[in-house]
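Below is one structure, written out as structure tokens; the observations come after it.
The values are calculated or read from the model by the stated rules, or taken from the named source; none is laboratory data. The model shown is predicted, which means the values in this text are computed figures rather than measured ones. Ideal geometry is used to build each Cβ from the backbone, glycine not excepted, and the neighbour counts take in all protein chains shown.
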Amino acid sequence: MRTIQVSTDVFAAMWADRREPEATEDEILRRKFDVKVKIQAPQKNGKPQGFHDRRYNVSCPEGFEIFRVHLGTEYRARAESGTWTLLSTGAQYGSLNELSDATVGHENAWTGWWYLDENGRRKQIDEMRDPSRIRRHKPTRLEDLA
């Protein structure tokens with residue numbers, strides 16, 4: 001990262017142009033200048049290790065396993081070489097959403113997958129996300145639909 005200096009009015013204008021879920025100046029400017037985020041897992045000897053989600057600042061070490069049960073079927077995946085590998089098929093997915101879409105269909109993938117912490121307790125992978133980066137949808141009120 002580099003530090004830049006801008007006047008107060010430019011800073012205010014930049015933040016006035018902010019869109020959800022942007023939480024940093026870098027994210028605002030990436031959108032403005034159409035600069036794509038390069039998602040890369042941590043590297044070892046030039047090769048990706050584990051899995052890293054830059055949007056939510058989640059890193060899982062190589063070999064980290066997640067699991068879920070849907071309609072009586074258990075699914076397991078492992079963080080490998082910058083992807084999620086579905087253990088039953090060996091297929092690799094570049095994001096947790098892609099993994100969920102391929103196994104159970106469209107859902108909030110962060111609340112559907114679980115892992116075991118260092119004490120063997122079951123936890124949602126959602127707990128690993130940076131809360132400041134999570135975009136929450138406002139609930140729809142029935143009276144708003146009329």
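Does Glu62 satisfy being assigned to a loop (DSSP other than H, G, I, E, B), within 30 Å of Thr24 (Cβ to Cβ) and either in contact with a strand residue (DSSP E or B) (Cβ under 6 Å, 6 or more places away or on another chain) or of a type in the set (D, E, K, R) (or both)? Steps first, please.
Details: assigned to a loop (DSSP other than H, G, I, E, B): yes; within 30 Å of Thr24 (Cβ to Cβ): yes; either in contact with a strand residue (DSSP E or B) (Cβ under 6 Å, 6 or more places away or on another chain) or of a type in the set (D, E, K, R) (or both): yes.
It is true that Glu62 is assigned to a loop (DSSP other than H, G, I, E, B), within 30 Å of Thr24 (Cβ to Cβ) and either in contact with a strand residue (DSSP E or B) (Cβ under 6 Å, 6 or more places away or on another chain) or of a type in the set (D, E, K, R) (or both).
Every residue in the stretch 65-77 that is surrounded by 13 or more Cβ atoms within 10 Å (Cβ to Cβ), among the charged types (D, E, K, R) and out of contact with any Gly (no Cβ under 6 Å at 6 or more places or on another chain), please. Spell out how you get there, then give the answer.
At the first step, the residues of the stretch 65-77 found to be surrounded by 13 or more Cβ atoms within 10 Å (Cβ to Cβ) are 65-68, 70, 75-77.
Going one step further and asking which of them are among the charged types (D, E, K, R), we end up with 65, 68, 76.
Residues satisfying the conditions are Glu65, Arg76.
Quick one: Thr140 ticks every box in (1) modelled with pLDDT of 85 or more; (2) more than 18 Å from the chain's Cα centre (by Cα); (3) not aromatic (Phe, Trp, Tyr) bar one, so which box is it?
Among (1) modelled with pLDDT of 85 or more; (2) more than 18 Å from the chain's Cα centre (by Cα); (3) not aromatic (Phe, Trp, Tyr), Thr140 violates only (1).
Of the residues that make up the stretch 17-32, is at least one modelled with pLDDT of 90 or more and exposed (fewer than 13 other Cβ atoms within 10 Å of the Cβ)?
Going through the stretch 17-32, the residues modelled with pLDDT of 90 or more turn out to be 17.
Filter once more, so that each one left must be exposed (fewer than 13 other Cβ atoms within 10 Å of the Cβ): 17.
The answer is yes, given that some residue of the stretch 17-32 is modelled with pLDDT of 90 or more and exposed (fewer than 13 other Cβ atoms within 10 Å of the Cβ).
Take the residues in the stretch 84-109 that are at pLDDT 90 or above and buried (at least 18 other Cβ atoms within 10 Å of the Cβ), then tell me which one is farthest from Lys123 (Cα to Cα).
Tyr93
For the stretch 110-125, give me each residue that is part of a strand (DSSP E or B) and surrounded by 15 or more Cβ atoms within 10 Å (Cβ to Cβ). Outline the logic, then answer.
So the first thing to find is which residues in the stretch 110-125 are part of a strand (DSSP E or B), and the list is 114-116, 122-124.
Within the stretch 110-125, Trp114, Tyr115, Gln124 qualify.
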